[in-house]
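A.B. asks: Quick one: this structure, given as structure tokens, is what I'll be asking you about.
Only the coordinates and a few stated rules stand behind these numbers; no lab work does. Being a predicted model, the structure only gives us computed values, none of them experimental. Don't worry about glycine lacking a Cβ; one is built from the backbone with ideal geometry, like all the others, and counts go over all protein chains shown.
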Amino acid sequence: MRPVPEKSATTLGTDRGAALLTVVAVPFMQPFLLGGDYTPIAIALVGGAVALSAANDRGRPGMSASARSLGLLFCAFWLWEFVLAIIHPATDIGDLTRSTVSFFIMTLGLLVVLRDPGRRQLVVRWLIGLVIAVSTLYAVTLALWLAIGPAATVLPFEVPLEGYGGVQAYFPFSLAGHGNEFGGVTLPRWQGLGREPGVQAALSAWSIFTAPGSGYPAGGWWCCGSG
């Protein structure tokens with residue numbers, strides 16, 4: 001990991017606040033668990049992170065060429081997806097427009113927050129920490145499922161998920177959808193932080209390979225279960 005220039009206590013505290021708001025916003029972004037109906041919450045949180053970041057970055061150089069190129073690449077890809085979707089007869093124009101606008105706002109906001117190496121390192125480290133926490137909860141849930149069965153661990157509420165109805169919560173706090181059969185035993189399919197389990201698997205794989213350079217032990221054994 002590249003060394004980060006020293007900052008004053010006030011500047012470092014502001015950077016930590018921006019990084020924390022960014023990580024808290026992740027579950028509310030698309031395609032994560034609460035993205036869709038709750039995306040405005042993510043936009044508000046990232047907006048706060050942008051304000052804190054901009055306050056710290058006054059008088060400093062703007063975005064690097066690589067950051068601008070990455071942002072333009074993401075925007076070009078989304079515009080292409082927008083064109084493909086808008087010509088499809090089954091497309092909901094309202095949902096498509098909302099998703100497109102929120103994507104551009106989030107992309108620009110994240111470019112501002114993550115352009116600073118110190119904030120970027122904090123966001124990466126804390127996001128991996130979030131993956132570890134969610135994975136630990138699931139490890140407890142899975143152990144209980146195998147010991148006493150999923151029905152005994154059901155919590156008395158569901159989490160609303162746009163387009164999927166409600167997703168059941170299990171003790172201590174794991175969200176899971178329709179079941180899969182493993183060796184004759186049917187277990188609910190873990191959602192993790194994603195709207196679909198594949199999103200969590202991708203986030204887990206990223207965490208395993210990124211963690212050694214972010215201050216975590218090498219090997220990734222502590223978050224392998226999150227896949």
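A.B. asks: Rounded to the nearest 20 debye, what is the charge dipole size of the chain about its Cα centre when +1 sits on each Lys and Arg Cβ and -1 on each Asp and Glu Cβ?
C.D. replies: Numbers: 13 positive and 12 negative charges, 177 e Å.
My answer is approximately 840 debye.
A.B. asks: Sorted from fewest to most neighbouring beta carbons within 10 Å, what does the list Ser66, Ser53 look like?
C.D. replies: On the way: Ser66 9, Ser53 24.
Result, fewest neighbours first: Ser66, Ser53.
A.B. asks: How high is the relative contact order of the range 9-115? Use alpha-carbon pairs under 8 Å, at least six apart in sequence, and give a whole percent. Working shown, then result.
C.D. replies: Working: 85 pairs, mean separation 33.0, N = 107.
Relative contact order for the range 9-115 comes out at 31 percent.
A.B. asks: What is the fewest-to-most order of Val131, Val140, Val50 by other Cβ atoms lying within 10 Å of their Cβ?
C.D. replies: Numbers: Val131 24, Val140 15, Val50 20.
Exposure proxy ranking, most exposed first: Val140, Val50, Val131.
A.B. asks: Kindly state, to the nearest 0.05, the FRET efficiency for Leu70 paired with Thr91, given R0 = 25 Å and r defined as their beta-carbon distance.
C.D. replies: Details: r = 27 Å, r/R0 = 1.09.
Approximately 0.40, to the nearest 0.05.
A.B. asks: Then there is this: For the peptides 87-93, 133-139, 21-27, what is the packing order when you average, over each peptide's residues, the other Cβ atoms within 10 Å and list the highest mean first?
C.D. replies: Averaged packing, sorted descending, gives the order 21-27, 133-139, 87-93.
A.B. asks: Something else about it: For the chain, take the longest principal axis of its alpha carbons; what is the angle in degrees between that and the long axis of helix 93-114, to the nearest 10 within 0 to 90?
C.D. replies: That works out to roughly 60 degrees.
A.B. asks: Compactness ratio of the range 9-115: Cα Rg over 2.2 N^0.38 Å, N = residue count?
C.D. replies: Numbers: Rg = 15.4 Å, N = 107, 2.2 N^0.38 = 13.0 Å.
Compactness ratio reported: 1.19.
A.B. asks: Relative to the first principal axis of the alpha-carbon coordinates of the chain, what is the inclination of helix 117-148, with its axis defined by its Cα atoms, in degrees from 0 to 90 and to the nearest 10?
C.D. replies: Result, in degrees: 0.
A.B. asks: Continuing with the same structure: So what is the calculated 222 nm ellipticity per residue for the chain, using -39500 (n - 2.57) for each DSSP H run with n of 4 or more, over all residues, to the nearest 500 deg cm²/dmol? It would help to have the intermediate numbers written out before the result.
C.D. replies: Working: 6 runs with 125 residues, N = 227.
Result for the chain: -19000 deg cm²/dmol, rounded to the nearest 500.
A.B. asks: Based on the alpha-carbon gyration tensor of the range 71-138 and its eigenvalue square roots a ≥ b ≥ c, which shape applies: rounded if a/c is under 1.5, prolate if not and a/b is larger than b/c, or oblate? Could the numbers behind the result be given before it?
C.D. replies: On the way: a/c = 3.45, a/b = 1.69, b/c = 2.04.
In terms of gyration-tensor shape, oblate.
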